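Values in this text are rule-based calculations from the coordinates and carry no lab data. Please read all numbers here as calculations on a predicted model, not as lab measurements. Note that we place each Cβ from the backbone using ideal geometry, even for glycine, and neighbour counts take in every protein chain shown.
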Amino acid sequence: MSMFSSLSPVARYIRASRMVAVCVLLLLLVALAALAGPLLNPNDYITTDFANRFGQPTMTNLHFFGTDELGRDLFSRTLLGAQVTLFVAVIASVVSLGIGVIYGAAAGFIGGKVDAIMMRAVDALYALPFVFLVILLMVAFERNFLLIFVAIGAINWLDMARIVRGQTISLKHREFVDAARLIGVSTPGIIFRHIMPNLFGVVVVYMTLTIPQAILVESFLSFLGLGVQEPQTSLGALVSNGVSHMERAPWLLIIPASVLAFILFCFNFLGDGLRDVVDPKKKA
Amino acid sequence: MLRYATLRILGAIPTLLLVIAIAFLMVHSAPGGPFDRERVLAPEVERNIERAYHLDESLPEQFSRYLQGLLHGDLGPSYRYRDYTVAELIGGALPLSIRLGALAMALALVAGVSAGMVAALRKNTIIDRLVTGIAMIGISVPVFVIAPLMVLVFAVFLNWLPASWTGGNAANRMLMPVIALALPQIAYIARLTRASMINVMNSDFVRTARAQGLSTISIVRYHAIKPAMLPLLSYMGPAIAGVLTGSVVVEEVFGIPGVGQFFIRGALNRDYTLVLGITVFYATLVIFLNLIVDLLYGFLDPRIRGR
């Protein structure tokens, strides 16, 4: 599935590690801009300026990205949006990581009937249109910031569980696990202290692949008006706002959309590259 | 095969029940009732409304009533669109949504498979790079970014196509929504086809066929295509779910009066029964289509049936 699947393992490793380095650098730059930018920028994200509505991107007044329908500075709103988007991504990934790793490791380690039932449940859940359940959740319980994170995390753990289970099965017959059992370590003890640390590499790869999915769901919800609410904003909410003014002020759509696409791009390339770096010999 | 089919069909039922139960519980544990307004109603009126919608019954009673209704295709009344039942609202909007989804799916399969095939057979050439690069864009850029940008370019700047559902003729107002909805799936399918085709072309039986002097075209046609398409079949489930999710955005952006638009309206208006009904309907649809894909897979690949 990866970009370089047709190359030899060595060539793939070299190309992939270069790509990983570039992506990490770019993402760090975006994160830095999102965190530090608002401190340096004289315009904040909330001040309205009705004399200057739909201002075009300009250097004067430092409205680099122009202003929106209320005269708010789009540059600082985009930075805030990127900040919220990245924040959601990290929290959601941590939630899905927690659920997925524990579930997968337990299923793989215990094995037998328990494993079969647990993985059948994952298969069954895999087919569901989860986004609709998340929207239902948003409708039922006000648009709670924290709830969005947890809900998004809770739908992204299935892949993680599958991968971790596979790895756990291959780990559990190794000597160090037998040795731990021999000296009387309990099953949860073995899972947490001996299996999980060895899952690190695979888990990191799949976490970088989970992040763009989490970003997609969050911005999808915000785009529909069900996610992050005013005056807070996220890139999805900014795109949604840009759509309603695109004929008059196309930059309100184009700029946040490009930033969102850029972040998603970097994460997808990063995940692809990391997969090749961790396991360059794996086919496809 | 029969045993496999029975197991799959029986397996789908608890999944469906679980989804309905989760969705139902979520809506019914929402803080505040669906009829809470600024103005406080007289207690008698409130009791009457609650009785009319069976909200005075216990939760298990309401759930069994809802399930019984479902068996008869009854999803209850809409809380906001007076005089309409949820089933009527879905039924009215469904033909349009199905047309949109089916066209997008067909386009995704044709375009995705051809692009993936070409890339695999011409791997490491410019064409291959181009396909993989564009596919990465398709995967990274979400529908709700692509769709408005398409409107901006083709409707606002170039003025080639109508920007909304009310303008243009039936064919050219469908064009952009179908393409926007299909793009991410084209990208996934192209990547999947490429990877699986490269795998198959490196396998032993293809080498044997080559040693016998068969041309690449006949190898692809008689030996490689079938095994290369199998992974694609298992991707059909997620693809269907993806198109459904995407259709919500596409219908919203292009103003198409389909099921997805009712879903959004319902969600923003807190029309609990409508949102619950559409969720249950979508879940049923996805589980049903997945079941068909599973059965097809078992039929085509005997190795699966044993599991």
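For the peptide B:129-137, the mean number of other protein chain Cβ atoms found within 10 angstrom of a residue's Cβ is 2. Since only B:Ser218, A:Val164, A:Gly227 are under comparison, the one whose Cα sits farthest along the positive direction of the charge dipole of the protein assembly as shown, derived from C-beta charges on Lys, Arg, Asp and Glu, is B:Ser218. Relative contact order of region B:86-305, taken over Cα pairs closer than 8 Å and 6 or more residues apart, is 27 percent. Lysine pairs in the protein assembly as shown whose alpha-carbon atoms fall under 28 angstrom of each other, counting only those eight or more residues apart or on distinct chains, come to 11. Is chain B rounded, prolate or oblate when judged by the Cα gyration tensor, a ≥ b ≥ c being the square roots of its eigenvalues, rounded requiring a/c under 1.5 and prolate requiring a/b larger than b/c? Cα axes put chain B in the oblate bin. Assuming charge only on the beta carbon of Lys and Arg (+1) and of Asp and Glu (-1), the dipole of the protein assembly as shown about its Cα centre is about 2560 debye to the nearest 20. The mean number of Cβ atoms from other chains found within 10 Å of a Cβ in peptide A:219-226 is 5, as a whole number. Along the charge dipole of chain B, pointing to its positive end and built from +1/-1 on Cβ of Lys, Arg, Asp and Glu, which listed residue (B:Ser234, B:Tyr84, B:Asn124) has its Cα farthest out? Final value for the positive-end residue is B:Asn124. So what's the net charge close to A:Leu264: Lys and Arg +1, Asp and Glu -1, counting the other residues with Cβ under 14 Å from its Cβ? Result for the neighbourhood of A:Leu264: -2.
Per DSSP helix of 4 or more residues, -39500 (n - 2.57); summed, then divided by the residues of the protein assembly as shown. What does that give at 222 nm, rounded to the nearest 500?
Calculated at 222 nm, the ellipticity per residue is -24000 deg cm²/dmol.
Taking amide H positions as placed 1.01 Å from N in the peptide plane, with prolines and chain starts having none, which residues 5 or more places from B:Leu75, or on another chain, fall under 5 Å of its amide H? Under 5 Å from the amide H of B:Leu75: B:Val86, B:Ala87.
Residue by residue along B:241-251, Cβ atoms of other protein chains within 10 Å of the local Cβ number 3 on average.
When each of the peptides B:175-186, B:13-24 is scored by the mean number of other C-beta atoms lying within 10 Å of its residues, the order from highest to lowest reads B:175-186, B:13-24. Couplings 3J(HN,Hα) for region B:107-124, derived from phi with the Karplus relation 6.51 cos²θ - 1.76 cosθ + 1.60 (θ = phi - 60°), are 4, 4, 5, 4, 5, x, 5, 5, 4, x, 4, 4, 4, 5, 6, 10, 5, 6 Hz, where x marks Gly and Pro.
For the protein assembly as shown, the ratio of Cα radius of gyration to the globular rule of thumb 2.2 N^0.38 Å stands at 1.03. For the listed peptides B:102-115, B:267-280, a ranking on the average number of other beta carbons within 10 Å per residue, highest first, reads B:267-280, B:102-115. Note on region B:94-219: percent of Cα-Cα distances in each 10 Å bin, starting at 0 and stopping at the bin with the largest distance, equals 13, 32, 29, 16, 8, 2. Residue order for B:Phe263, A:Phe132, fewest other beta carbons within 10 angstrom first, comes to A:Phe132, B:Phe263.
Counting only Cβ charges, +1 for Lys and Arg and -1 for Asp and Glu, the dipole size of region B:86-305 around its Cα centre is about 760 debye.
Can you classify region A:100-241 as rounded, prolate or oblate using the Cα gyration tensor, where a ≥ b ≥ c are the square roots of its eigenvalues, rounded means a/c under 1.5, and otherwise it's prolate if a/b beats b/c and oblate if not? In terms of gyration-tensor shape, prolate.
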